[in-house]
Amino acid sequence: MSEVKIVAETRSEFGKGAARRIRRDNKVPGVLYGRGSDPIHLTLPGHELLLALRTSNVLIALDIDGKTNELAIPKSVQRDPIKGHLEHVDLQLVKRGEQVNVEIYVHTEGELAPGAFLLEHVLNALPVVAEATHIPESVTVSIAGLAAGDSILAKDIPLPKGTTLDVDGETVVLQVLAAQAEESEGEAGEGDESAEA
């Protein structure tokens, strides 16, 4: 779990015009909330924030106006759908030792059994509860030798110490499907053509 320090400023201007001005200065508007306190509206440095968000579930040490230091994790990130730059970020306040609900990515290793099989990621990210300063970035599960009809349940995925599932253990995370033969589609297409003739 990486921790990144970012210097932020509180902001008092709101609305689309203010947000555009912030983005023109290569900064990102954001909101810090949690622990029953009022939301704090922030302006964050765009480049540093972009680099920090490359790590999933990054822990951000915020230096706010040089007066307050807070720990936060990203909860919602809005990006421009075309250019991809950051539009807005919601950050959740956390403290050391606190348990937080997050999602961690599920990576696979190994090869499926020989044959025409497809691996379906029913869940791309696994909901878990972890200590705020020890959130795993991802988990890895072996799919070696799995064939059609096989699945991996949430309870089958090895979690790091101190991390627990935040979803029913019987939830299917990965499943293996038999690939559909292209020939059957071709035959159906031919039948349609003869019907039209």
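If amide H atoms are built 1.01 Å from N in the plane of the peptide, which residues on other chains or at least 5 residues away come under 5 Å of the amide H of Glu87?
Counting only residues 5 or more places away or on other chains, the set is Gln78, Arg79, Asp80.
Would you please give the FRET efficiency between Gln78 and Val141, computed as 1/(1 + (r/R0)^6) with r the Cβ-Cβ distance and R0 = 41 Å, to the nearest 0.05?
That gives a FRET efficiency of 0.85.
In the chain, what is the count of Lys pairs whose alpha carbons are under 16 Å apart, counting only pairs at least 8 residues apart or on separate chains?
Lysine pairs meeting both conditions in the chain amount to 6.
Can you give the convex hull volume of the alpha carbon atoms of segment 1-115 per residue, in Å³?
Value for segment 1-115: 154 Å³ per residue.
Using a 1.4 Å probe, how large is the accessible area of Arg96, given in Å² and rounded to the nearest 10?
Roll a 1.4 Å probe over it and Arg96 shows about 140 Å².
In nm, to one decimal, how far is the modelled label at Arg24 from the one at Asp150, with both set 7 Å along Cα→Cβ?
It works out to 5.8 nm between the two label points.
Full extension from His88 to Lys5: what is 0.36 nm times the residue separation minus their Cα-Cα distance, to one decimal in nm?
On the way: separation 83, 0.36 × 83 = 29.88 nm, distance 1.83 nm.
Length difference between fully extended and current span is 28.1 nm.
Measuring from a point 7 Å past the Cα of Val167 along Cα-to-C-beta, which residues in segment 73-101 have an amide N at less than 20 Å?
74-77, 100-101
Springs between alpha-carbon atoms under 10 Å, Gaussian network over the chain: tell me which of Glu70, Glu87, Glu111 tops the mean-square fluctuations.
The residue with the greatest mean-square fluctuation here is Glu111.
Working from Cα positions, state the angle (0 to 90°, nearest 10) between the long axis of helix 182-196 and the longest principal axis of the chain.
70 degrees
The values are calculated or read from the model by the stated rules, or taken from the named source; none is laboratory data. Since we're looking at a predicted model, the values are computed, not measured. Glycine gets a Cβ as well: all are built from the backbone with ideal geometry, and neighbour counts include every protein chain shown. When the accessible area is computed, the model is the full protein with side chains, heavy atoms only, and any ligands, DNA or RNA have been set aside. Shrake-Rupley method; radii C 1.70, N 1.55, O 1.52, S 1.80 Å.
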